[in-house]
Amino acid sequence: MGPHPAVAAIRLAVRRVLHDVITEHSAPEHPLPGPAAAAHAAAGTAGETPGRPAQPPLVLVACSGGADSMALASALAFEARKLPVRAGAVTVDHGLQPGSDLRAAEVAARLTAMDLGPVEAVAVTVGRDGGPEAAARDARYAALDEAAERLGAAAVLLGHTRDDQAETVLLGLARGSGIRSLSGMAAVSGTAGRYRRPFLQLDRQTARKACMVQSLPVWDDPMNADPAYTRSRLRHEGLPALEKSLGKGVVEALARTAQLCRDDADALDAWAADADPSVRDEAGLLECAKLYALPPAVRRRVLRRAAIAEGAPAGSLFARHVEELDRLITGWRGQGAINLPGRVVARRQGGRLVIRQG
């Protein structure tokens, strides 16, 4: 008799990702397209010694102790035994609740008992920039990046589910964000394609069921039910209200929308990258007349790329900033310089758009 359907589903999702990582790691002579190529370039030949076979790639799971990440950890531990891959784990202690260090140590012990290794519990200091949720996320990813670099990991698995994807799309919609925000989370993301999300096609209930039938202890973070946090309100009030009004299938529809938006956003980003050299003069400055001739969606992407290239942090460069830049092209009335995040200043001079550090 085979495993429970929920367990089988999570193992299959993880197996597919591991096969991708192994393929990228073992075939350096064959360039891979898209994020996979970047992921392989990062994993590269780390830890190899001339004349000796390369070590199997190390794959880490980011585990909070919640149902999604515990299900992910158990699936990684199971599949890694049958494949040429090393499996480890990292749990991050955000220090936001009393006893969080003890809880992180307990999660690390459970991960070690799954025969994962190396296993690390990493404490971080959460700042205030962008609000508590964004600050915690930034601190968490910084810790995961550091651990992956130090340990030479080829990939880090994240337990985001289809429900998380739906919430991300709705949050972007409520903020009036563009199509890139509505595309939600990518299956492969991060520096050199480091982060992999095997569960984006699985719902949260499948992960929880897999934990239950395997008798895996699960910790439910009280912050996930705290109405003080936007995502928590959306999860417990917003989405249920939508399903009550529109019927079942809202989560699936939102996740499908994310993929459609991602395909469109990727195409527009590629168009903008191709158009960028054609709208610059010999000195590399952006020519306003040529920018004006571009379709708005492409022009705004060129402007955003230019601002980021001059030092504006991508995470702080919002739609309103790009709209102000765009007005220097489409609504020029002699307005002065525009201040952008990262101390970047943009101004129109002699038919050129000059973007520089202030």
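The values are calculated or read from the model by the stated rules, or taken from the named source; none is laboratory data. Only a predicted model underlies this, so the values are computations on that prediction, with no experimental measurement involved. Note that each Cβ is placed from the backbone with ideal geometry, even for glycine, and that neighbours are counted across all protein chains shown.
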Look at the range 68-87 and say how many of its residues are among the aliphatic types (A, V, I, L, M) and surrounded by fewer than 24 Cβ atoms within 10 Å (Cβ to Cβ).
4
I need a count of the residues in the range 109-166 that are in contact with a Cys (Cβ under 8 Å, 6 or more places away or on another chain) and closer than 22 Å to GLY193 by Cα.
1
Return the pairs, sorted by first residue and then second, in which the second residue is of a type in the set (Lys, Arg) and in a helix (DSSP H, G or I), the first residue lies in the range 1-14 and is on the phi < 0 side of the Ramachandran plot, the beta carbons are less than 6 Å apart, and the residues are 6+ apart or on different chains.
ALA6/LYS209
With the structure loaded, tell me whether ARG327 is outside any loop (DSSP other than H, G, I, E, B), free of Cβ contacts under 8 Å to residues at least 12 places away in the same chain and closer than 22 Å to SER181 by Cβ or whether it fails that test.
yes
Members of the range 215-247 that are closer than 13 Å to ALA67 by Cβ and either touching a His at 6+ places or on another chain (Cβ under 8 Å) or assigned to a helix (DSSP H, G or I) (or both)
ASN224
From VAL126, VAL107, VAL156, which residue is outside any strand (DSSP E or B) and modelled with pLDDT of 95 or more?
VAL107
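With respect to ALA155, determine if the residue is in contact (Cβ under 8 Å) with a residue 60 or more places away in the chain, small (Gly, Ala, Ser) and closer than 17 Å to VAL59 by Cβ.
On the way: in contact (Cβ under 8 Å) with a residue 60 or more places away in the chain: yes; small (Gly, Ala, Ser): yes; closer than 17 Å to VAL59 by Cβ: yes.
The answer is yes for ALA155.
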Out of all the residues in the range 287-301, is one or more part of a loop (DSSP other than H, G, I, E, B), over 21 Å from SER183 (Cβ atoms) and modelled with pLDDT under 95?
no
Quick one: which helices (runs of 4 or more DSSP H) sit completely within the range 1-87 and have at least 2 residues that are modelled with pLDDT under 95 and under 21 Å from LEU151 (Cβ atoms)?
5-26, 34-43
Could you list, ordered by first residue, the pairs with Cβ atoms under 7 Å in which the first is in the range 120-144 and over 17 Å from GLY65 (Cα atoms) and assigned by TED's automatic domain parsing to the domain that holds ASP101 and the second is at pLDDT below 85 and of a type in the set (Asp, Glu), at least 6 apart or interchain?
ALA135/ASP129
